[in-house]
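A quick write-up on the structure given underneath.
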Amino acid sequence: MSEHSCDYVNCQNKASYIVTFNGRHYQLCKTHFKRLVNAMTKIAVLYGGSELKDLKIRKERGRIRIISSRKVSKEKFLKQLEKLKKYEGVKRRYIASFSATFKGKTT
Ligand SMILES: [Zn+2]
């Protein structure tokens, strides 16, 4: 078992996931992995699909920060989610978890 900590800037959590971006491996804790998944979900909802390359890794003080290379407006996202909810049965509970996770996130 590795005792590496999360590569995300200002994070001291133990890494639980390894994510590969452009052939490089980055270790992420559960929180930051969830953030990454949520960011991709937002892109997918807004643009009809998402890939890891829709996200960018920014190096910061020897650590990393993950930013979306696509414009993700929370307002548009929630609007689109409302639409999807009607047609595909996305549960309201998910909206709550998205907004809770992204609250206070600065990019
Ligand atoms: Zn982390």
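Convex hull volume of the Cα atoms in the range 1-85, per residue, in Å³? Mind showing how you got there, number by number?
Working: hull volume 9.0 nm³, N = 85.
Convex hull of Cα atoms, per residue: 106 Å³.
To the nearest 0.05, what FRET efficiency results for residue 70 and residue 9 with a Förster distance of 25 Å applied to their C-beta separation?
Numbers: r = 21 Å, r/R0 = 0.84.
That gives a FRET efficiency of 0.75.
If each residue's Cβ is checked for other Cβ atoms within 10 Å, how do 5, 73, 68 rank with the fewest at the top? Don't skip to the answer; put the middle values down first.
Numbers: 5 14, 73 11, 68 17.
Fewest-to-most Cβ neighbours within 10 Å comes out as 73, 5, 68.
Search the structure for amide H atoms under 5 Å from the amide H of residue 16, placed 1.01 Å from N in the peptide plane, and list their residues when 5 or more places away or on another chain.
28, 29, 30
Between residue 60 and residue 78, what length comes free when the chain is fully extended (0.36 nm per residue of separation minus the Cα-Cα distance, one decimal in nm)? Before the final figure, lay out each step's value.
Details: separation 18, 0.36 × 18 = 6.48 nm, distance 3.01 nm.
Contour length minus Cα-Cα distance gives 3.5 nm.
Bear in mind that the values in this text are calculations on the coordinates, not laboratory data. Because the structure is a prediction, the values reported are computed rather than measured. For neighbour counting, all protein chains shown are included, and Cβ atoms are generated from backbone atoms with ideal geometry for every residue, glycine included.
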